[in-house]
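Student: This is the structure I have questions about; it appears just below.
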Amino acid sequence: MEGPASPARIPRALPYYVAFSQLLGLIVVAMTGAWLGMYRGGIAWESALQFNVHPLCMIIGLVFLQGDALLVYRVFRNEAKRTTKVLHGLLHVFAFVIALVGLVAVFEHHRKKGYADLYSLHSWCGILVFALFFAQWLVGFSFFLFPGASFSLRSRYRPQHVFFGAAIFLLSVATALLGLKEALLFELGTKYSMFEPEGVLANVLGLLLATFATVILYILTRADWKRPLQAEEQALSMDFKTLTEGDSPSSQ
């Protein structure tokens, strides 16, 4: 009788990279709040400061939490697959809700001020990212959490799900960088080229955003850091391979 499977070994460098990514992410969120507090008057919903809710929510939701959601399958290597799926999905739900608040804030601010909507490259990219993020979550829920999807269908869709998850995350970071640059140009104008303190702080924030995305992407693309298949997953995979190759156990 076989004993319980031993826990999967954690790669030596993985915890350090994950910890570094979390430190970077928290610094990005804190620095975004500091930028808004020091140079934009802070955050409030029922005032002219409502716009400031937008960048903070987008950084927390579509950058920090989305990045963490992508790391779930690298960090939780020995937990039940369904538990990991639920956590992955819940983090995306939290990210979606927070981003939705940020989206409502900017449209409400524009409406109150009489500003035009959706004319800039940043706004076009933002709507695209938000729509793709929602579609990715909806399709992922239908395939991986909803009980109706077959194992063969999940196996065929999984590579696309992984690719688009990483692509949407990178698009989110790129859109945040576009928005940061746009906000600086609107507020500082020609003074931006004179190394104004706000501009320097925002430039550092932009570099940290890019570094955070790079570290997350590096963790995701290390093949030897992927979550190993558990016993029940290996059994399902072998059964699927047998069916698709037209073999059967009795023919071996």
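Student: Of S142, S152, S193, S120, which residue is open to solvent by less than 30 Å² (accessible area, probe 1.4 Å) and either at positive phi or small (G, A, S) (or both)?
Tutor: S120
Student: Assess whether I98 counts as being open to solvent by 30 Å² or more (accessible area, probe 1.4 Å) and either in a helix (DSSP H, G or I) or polar (S, T, N, Q) (or both).
Tutor: yes
Student: I would also like to ask the following. Residue under question is L49, and the condition is that it be farther than 26 Å from R9 by Cα, free of Cβ contacts under 8 Å to residues at least 40 places away in the same chain and in a helix (DSSP H, G or I); does it hold?
Tutor: yes
Student: I'd like the full set of residues that are aromatic (F, W, Y) and either open to solvent by less than 50 Å² (accessible area, probe 1.4 Å) or within 21 Å of G179 (Cβ to Cβ) (or both), limited to the stretch 60-93.
Tutor: Hit for the stretch 60-93 is F64, nothing else.
Student: Which condition number does L90 fail, the rest of (1) over 23 Å from T211 (Cβ atoms); (2) more than 14 Å from the chain's Cα centre (by Cα) being met?
Tutor: (2)
Student: Out of all the residues in the stretch 197-213, which are open to solvent by 60 Å² or more (accessible area, probe 1.4 Å) and of a type outside the set (V, I, T)?
Tutor: P197, N203, L207
Student: Working only within the stretch 175-190, note down all residues that are within 22 Å of the chain's Cα centre (by Cα) and open to solvent by 70 Å² or more (accessible area, probe 1.4 Å).
Tutor: Within the stretch 175-190, K181 is the sole residue that qualifies.
Student: Sticking with this one: How do the helices (runs of 4 or more DSSP H) wholly within the stretch 144-252 filter down when requiring 3 or more residues that are farther than 22 Å from D68 by Cα and modelled with pLDDT of 90 or more: which remain?
Tutor: 151-188, 197-221
Student: Pairs needed: first member in the stretch 75-103, over 18 Å from S172 (Cβ atoms); second member anywhere, modelled with pLDDT under 95 and β-branched (V, I, T); C-beta distance under 8 Å; at least 6 residues apart or different chains.
Tutor: Qualifying pairs under 8 Å: F76/T83; F76/T84; R77/I10.
Student: Filter the stretch 21-59 for residues that are small (G, A, S) and open to solvent by less than 20 Å² (accessible area, probe 1.4 Å); which is modelled with the lowest pLDDT?
Tutor: G42
The values are calculated or read from the model by the stated rules, or taken from the named source; none is laboratory data. Fair warning: this is a prediction, and the values are worked out from it, not measured in the lab. Methodologically, a virtual Cβ is constructed for each residue, glycine included, from the backbone with ideal geometry; neighbour enumeration extends over all protein chains shown. SASA here: full protein model, heavy atoms, side chains in, ligands and nucleic acids out. Shrake-Rupley method; radii C 1.70, N 1.55, O 1.52, S 1.80 Å.
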